[in-house]
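What follows draws every value from the coordinates through simple rules; no lab data is involved. Quick caveat: nothing in here was measured; it's all calculated off a predicted structure. All Cβ positions, glycine included, derive from the backbone under ideal geometry; neighbour counts span all protein chains shown.
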Amino acid sequence: MTALTLSTAAAPGLRADAIVVGVAKGTAPKSGDLVVAPGAEAVDKGYDGRLAAVLETLGASGAEGEVTKLPAPAGFKTPLVVAVGLGAVPDKDSSFDTEALRKAAGVAARNLNGSKKAVFALPLADAAAVRAVAEGALLGAYSFDTYKDNGKDAKAKNGKAPLAEVALLGAKPRDKAHKAAVEHATTVAVELNRARDLINTPPNDLTPEAFAAIAQTAAKEHGIKVQVLDDKALAKGGYGGILGVGGGSAATPRLVKLSYTHSKAKKHLAYVGKGITYDSGGISLKPAGHNETMKCDMSGAAAVFAAVVAAARLGLEVNVTGWLALAENMPSGSAVRPGDVLRMFSGKTVEVLNTDAEGRLVLADALWAASAEKPDAIVDVATLTGAMVLALGSRTFGIMSNDDAFRSAVHEAAEEVGEPAWPMPLPEHLRKGMDSPTADIANMGERMGGGLVAGLFLREFVGEGITWAHLDIAGPAFNEGGPFGYTPKGGTGSAVRTLVRLAELTASGDLG
Ligand code: BES
Ligand code: MN
Ligand code: ZN
């Protein structure tokens with residue numbers, strides 16, 4: 001991954017491929033005036049204080065996502081200046097919004113892929129800004145090229161290797177808070193990028209067994225206790241949901257339990273992730289056009305895995321248990337059929353009406369397993385329904401919960417880290433649509449409000465009295481469009497930062 005350094009040098013003497021500066025939309029004296037953001041004073045001086053005017057001539061507006069490249073001033077040892085838009089100039093008493101900084105740093109890093117070193121001269125008013133810029137740069141510089149050119153020469157792969165080094169100008173190497181901010185950003189970005197790698201890895205390679213092995217290795221490396229139930233252990237334990245879904249595949253299912261504990265922990269969080277390594281739909285087969293990206297159906301498990309490892313590496317004073325419900329949903333002679341009844345780990349029976357509603361079946365078993373430990377709260381993460389994508393679009397995840405205050409807290413945590421999310425209800429009247437003449441419940445209900453129906457199904461498998469939230473990340477988990485901000489094409493790592501934030505808030509006693 002990209003290396004981050006803190007630099008105190010003066011801009012003109014720096015040797016790099018590019019200097020990144022921020023440009024914002026001003027409000028005074030006249031609206032629309034360009035403002036060069038703090039941090040770029042030395043660069044502006046190189047242009048005799050005319051950088052804003054030069055950028056204006058080049059058509060810059062300061063809008064978020066905008067990139068303007070121009071030759072560096074005479075006398076500079078770096079040939080290129082890259083101006084990135086930061087949106088509106090903040091009010092007098094406040095500094096730039098952290099998400100605007102994160103996005104701008106991501107855009108800059110992405111546009112500099114193929115270069116060796118860039119100096120970021122962005123506004124770093126405080127440690128929060130340092131952390132945002134560091135995160136944006138490390139997340140924006142991501143590229144997945146394991147499968148290009150037989151993995152030989154990094155440069156030949158996608159044409160451009162990710163930006164190798166970023167020096168943050170103005171961040172103070174001796175300032176404890178700045179150093180901690182860079183360390184935090186690096187830890188989270190490394191783990192989040194690893195989640196992206198897992199999501200992008202094709203399903204012929206990332207089987208449930210392979211995913212479990214990767215989790216085992218990482219857990220050992222970071223002092224996390226790990227337990228893997230294979231198909232035999234799942235059968236012995238009565239995990240009918242996971243076994244039912246995984247039964248059609250030659251690649252057998254797994255349930256992975258990752259336990260991170262801290263001796264000073266006062267609270268215990270359980271994270272549960274949907275880990276369908278490929279969702280063909282099963283016997284209720286998805287049509288062509290709906291299955292090409294279904295390697296992303298383990299994004300919830302990838303997020304949970306990344307968050308638990310990040311919590312361990314950050315040494316958070318909270319116990320976090322991660323549950324990865326791993327299975328491949330395939331049609332075959334041994335696959336679960338529409339009409340089958342499964343006996344779940346909780347003892348409840350489920351009539352499977354549609355084998356493509358498989359996520360809720362694997363999650364049901366994992367939620368029940370998580371509930372047995374009586375954690376203070378459970379959060380599950382899943383690419384659960386197309387209905388949630390229809391409702392909220394491809395960048396926002398839905399939050400459902402059995403506790404209004406907890407749902408708000410999760411929403412706030414998501415907002416804080418720059419992950420778009422929105423609260424969704426669990427309307428009681430939708431429950432009866434899942435009544436089954438044969439079993440305790442069916443895995444399908446009314447089509448309208450399908451995301452909420454799925455949430456109501458999951459709620460049935462949460463232990464009595466346990467606070468629970470469900471994040472449906474079907475929209476934001478996988479970016480089918482072009483890259484934006486610090487988000488690449490393909491696996492995004494959605495929900496990782498929200499889960500890490502929730503663990504931090506729980507550790508500090510600011511949540512529940
Ligand atoms: N994995 C899909 C949901 C999905 C859709 C994820 C689009 C990412 C992008 C899930 O298993 C599924 O197939 N859900 C069905 C449920 C239905 C059969 C009740 C759906 O949403 O159509
Ligand atoms: Mn499905
Ligand atoms: Zn699925």
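Comparing Ala366, Ser7, Ala469 along the charge dipole axis of the chain, the residue lying farthest to the positive side is Ser7, per the Cβ-charge model. Of all lysines in the structure, the ones whose alpha carbon falls short of 26 Å from that of Lys69, not counting any fewer than 8 places away in one chain, are Lys25, Lys30, Lys45, Lys77, Lys103, Lys116, Lys117, Lys155, Lys157, Lys160, Lys489. Here the translational diffusion coefficient of the stretch 287-435 follows from Stokes-Einstein with Rh set to the Kirkwood radius across Cα pairs; for 25 °C and 0.890 mPa s it amounts to 140 µm²/s.
Panel order for Asp510, Asp340, by other beta carbons found within 10 Å of each beta carbon, from fewest to most: Asp510, Asp340. Taking Cα centre as origin and charging only the Cβ of basic (Lys, Arg, +1) and acidic (Asp, Glu, -1) residues, the dipole magnitude of the stretch 217-508 rounds to 580 debye.
Oblate is the label for the stretch 360-481, because the ratio a/c of its alpha-carbon gyration tensor axes (a ≥ b ≥ c) is 1.5 or higher and a/b is not greater than b/c.
Sorting Phe457, Phe406 from the fewest to the most surrounding beta carbons within 10 angstrom yields Phe406, Phe457. Taking one quarter of the surface of the C-alpha convex hull of the stretch 433-497 gives a mean projected area of 6.6 nm². For Tyr278, the amide hydrogen comes within under 5 Å of the amide hydrogens of Asn329, counting only partners 5 or more places away or on other chains and with H modelled in the peptide plane.
Taking the helices alone, the chain has a mean residue ellipticity at 222 nm of -10000 deg cm²/dmol, built from -39,500 (n - 2.57) per DSSP H run of at least 4 residues and averaged over all its residues. One Cα centroid belongs to the stretch 314-382, the other to the stretch 60-119; the line between them spans 44 Å.
Each Cα pair of the stretch 50-203 feeds into the Kirkwood radius, which the Stokes-Einstein equation turns, at 10 °C and 1.306 mPa s, into a diffusion coefficient of 95 µm²/s. Normalised by the number of residues in the stretch 371-480, the mean separation of alpha-carbon contacts (under 8 Å, six or more apart) gives a relative contact order of 48 percent.
Each residue in Arg102, Arg343, Arg447 was given a count of other beta-carbon atoms within 10 angstrom of its own, and listing them fewest first yields Arg447, Arg343, Arg102. For the stretch 194-249, the C-alpha radius of gyration divided by 2.2 N^0.38 Å, with N the number of residues, is 1.27.
Peptides 54-60, 160-166, 249-255 ranked from most to least packed by the mean count of surrounding Cβ atoms within 10 Å: 249-255, 160-166, 54-60. Look at the Cα gyration tensor of the stretch 217-508: its axes a ≥ b ≥ c give a/c under 1.5, and that counts as rounded.
When you restrict to C-alpha pairs under 8 Å that are six or more residues apart and normalise by the size of the stretch 3-174, the relative contact order lands at 30 percent. Most simply put, the chain has about 40% antiparallel DSSP beta bridges, counting only bridges with both residues inside it. The charge dipole of the stretch 3-174, taken about the Cα centre with unit charges on the Cβ atoms of Lys, Arg (+1) and Asp, Glu (-1), comes to about 600 debye, rounded to the nearest 20. About its Cα centre, the chain has a charge dipole of approximately 1280 debye under the convention of +1 per Lys or Arg Cβ and -1 per Asp or Glu Cβ, with nothing else charged.
Remark: relative contact order (the chain) = 14 percent; criterion is Cα-Cα distance under 8 angstrom and separation of 6 or more residues. Normalised by 2.2 N^0.38 Å, where N is the number of residues, the alpha-carbon radius of gyration of the chain equals 1.02.
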